[in-house]
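Here is the structure we will look at.
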Amino acid sequence: MTVARPTRVDAVSWAEQLAEVAERIGCCFLRSEPRRQALAYLQGLLSPVERKNSWQLAEQAGDPGPHRFQHLLGRAVWEADEVRDDLQAYVQEHWADPHGVLIVDETGFLKKGEQSVGVQRQYSGTAGRIENCQIGVFLAYAATRGHTFLDRALYLPEEWAQDKQRRRAAGVPTEVRFATKPVLARQMIERALQNGVPARWVSGDSVYGNDGKLRLWLEEQQVSHVLGVSGNHFVWIGGAQQKVSTVAAQFSPEDWSRLSAGAGSKGSRWYDWAAVETNSLSEGWARWLLVRRSVDEGQDRPTIGCSPQQAPRWKR
């Protein structure tokens, strides 16, 4: 694929758009110093600097050291949630796509100490094992014009939520309570929809798909979704409740279709797909069990989907 080199006109346009963003979020910073540093921080994030830490960004900005960025991120007074709302308003104005997809996922931040809020030994998908880490739940938006983050929430484990002394030492606000990752996801999805971000689909892995309350809420909001589930998840087909892994094993060779999941670093990512309709609670909507099988490994990855009543494209 050939990509055109940016022109001087492009560079001027990008600078003007960045200035517009800085002006939009400027009111969230009470003092002029963090307001200027926030713009420098955005410029650093958009720069070709490989590692986006305070030391590297300070060097990019020409600062003598990282303390200005560290102060902005750790001690300066500014309203992070208001900046998030401004971000979502910007996305709604410039990137709105009726076929957009809201994607929820979590990531781990490895830590050595025990003082960071929410840190404990827990599973990290980033590391692929149990590690001492924090877990953040993130909401992203994929649209025709590109993709961007929309929201974030720090997962506070129940052990942390119930430890008053530890909460007080770490500065956890009293109104913050324990919430599961699916609950955090629902809050962020609901907030984005209320802020006018258009989305036709919601997608996520089995951390969210295994939560029946989240799936039911999405159905009640009439938001189509495709969410991963584990093989021991149960679905209703006709009058029988069956384990997902059992249903997947019953597909015949004719039930599978080989389709690409999009381009990867080594070309198209080919998988075999099969689907069967399951019982639905909402009139005019259909539930499907969709199974993706790796062409090389033969490993099944099931998902549950719900959308206005129609068959998957290859079954029409």
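The values are calculated or read from the model by the stated rules, or taken from the named source; none is laboratory data. In this text, all values refer to a predicted model and were calculated from it rather than measured experimentally. In this analysis, Cβ positions are derived from the backbone assuming ideal geometry, glycine residues included, and neighbour counts consider all displayed protein chains. We work out accessible area using only protein heavy atoms, side chains counted, and drop any ligands, DNA or RNA first. Shrake-Rupley method; radii C 1.70, N 1.55, O 1.52, S 1.80 Å.
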Tell me the accessible surface of Y271 in square angstrom (1.4 angstrom probe, heavy atoms of protein chains only), to the nearest ten.
50 Å²
With a cut-off of 8 Å between alpha carbons and a minimum separation of six or more residues, what is the relative contact order of the chain in percent?
11 percent
If you average the alpha carbon positions of region 261-308 and of region 202-238, how far apart do those two centres end up, in angstrom?
13 Å
Could you order V119, V49 so the one with the most accessible surface comes first? Probe is 1.4 Å.
V49, V119
Evaluate the charge dipole of region 133-248 about its Cα centre and quote only its size in Debye, nearest 20, assuming +1 on the Cβ of each Lys and Arg and -1 on the Cβ of each Asp and Glu.
200 debye
Find the relative contact order for region 24-106 and round it to a whole percent, using C-alpha pairs within less than 8 Å whose residues are 6+ positions apart.
32 percent
In deg cm²/dmol and to the nearest 500, what is the mean residue ellipticity at 222 nm of the chain if only DSSP H runs of at least 4 residues count, each as -39500 (n - 2.57), divided by the residue total?
-10000 deg cm²/dmol
Env charge @ P34, Cβ radius under 13 Å, K,R +1 / D,E -1, value +3
Reported to the nearest 10 Å², R186 has, with a 1.4 Å probe, an accessible area equal to 100 Å²
Which of G26, G264, G108 fluctuates most in a GNM of the chain (C-alpha springs under 10 Å)? That residue is G264
From the phi of every residue in region 31-47, what ³J(HN,Hα) in whole Hz does the Karplus formula 6.51 cos²θ - 1.76 cosθ + 1.60 yield, where θ is phi - 60° and glycine or proline is x?
10, 6, 4, x, 5, 5, 5, 4, 5, 4, 5, 4, 4, x, 5, 8, 7
Hey, if we sort I25, I189 by accessible area with the 1.4 Å probe, largest down, what's the order?
I25, I189
On average, how much accessible surface per residue is there in region 165-223, in Å², for a 1.4 Å probe, leaving out ligands, DNA and RNA?
56 Å²
Mind listing the phi-derived Karplus ³J(HN,Hα) values for region 57-74, rounded to whole Hz, using 6.51, -1.76 and 1.60 with θ = phi - 60°, and x for any glycine or proline?
5, 5, 4, 4, 7, x, 7, x, x, x, 4, 5, 5, 5, 5, 4, 7, x
Could you tell me whether region 136-249 comes out rounded, prolate or oblate from its Cα gyration tensor? Rule is a ≥ b ≥ c as square roots of the eigenvalues, rounded for a/c under 1.5, then prolate if a/b exceeds b/c, otherwise oblate.
oblate
Only Cα pairs within less than 10 Å get springs; with that Gaussian network setup on the chain, which residue of G128, G267, G44 has the largest fluctuation?
G267
Distance cut-off 25 Å, Cα to Cα: go down the list K111/K266; K111/K181; K243/K266; K111/K213; K164/K213 and report the pairs above it.
K111/K266; K243/K266; K111/K213; K164/K213
Can you classify region 219-263 as rounded, prolate or oblate using the Cα gyration tensor, where a ≥ b ≥ c are the square roots of its eigenvalues, rounded means a/c under 1.5, and otherwise it's prolate if a/b beats b/c and oblate if not?
oblate
Ordering D300, D151 by the accessible surface of their heavy atoms, 1.4 Å probe, largest first, yields D300, D151
Global geometry of region 14-166, whether rounded, prolate or oblate, following the gyration tensor of its Cα atoms and the 1.5 cut on a/c
oblate
Compute the angle between helix 80-94 and the longest alpha-carbon principal axis of the chain, please, reported from 0 to 90 degrees and rounded to the nearest 10.
60 degrees
Farthest toward positive dipole pole in the chain [+1 Lys/Arg, -1 Asp/Glu at C-beta], among S54, L87, V104
S54
Cβ charges +1 (Lys, Arg) and -1 (Asp, Glu), total dipole of region 39-86, debye:
260 debye
With every protein chain present, what accessible area does W285 have (1.4 Å probe, heavy atoms only), rounded to the nearest 10 Å²?
30 Å²
Give me the net charge of T174's neighbourhood, meaning all other residues with Cβ under 15 Å from the Cβ of T174; Lys, Arg count +1, Asp, Glu -1.
+3
Leaving ligands, DNA and RNA out of it, report the carbon-plus-sulfur percent of the accessible area of region 155-231 at a 1.4 Å probe.
45 percent
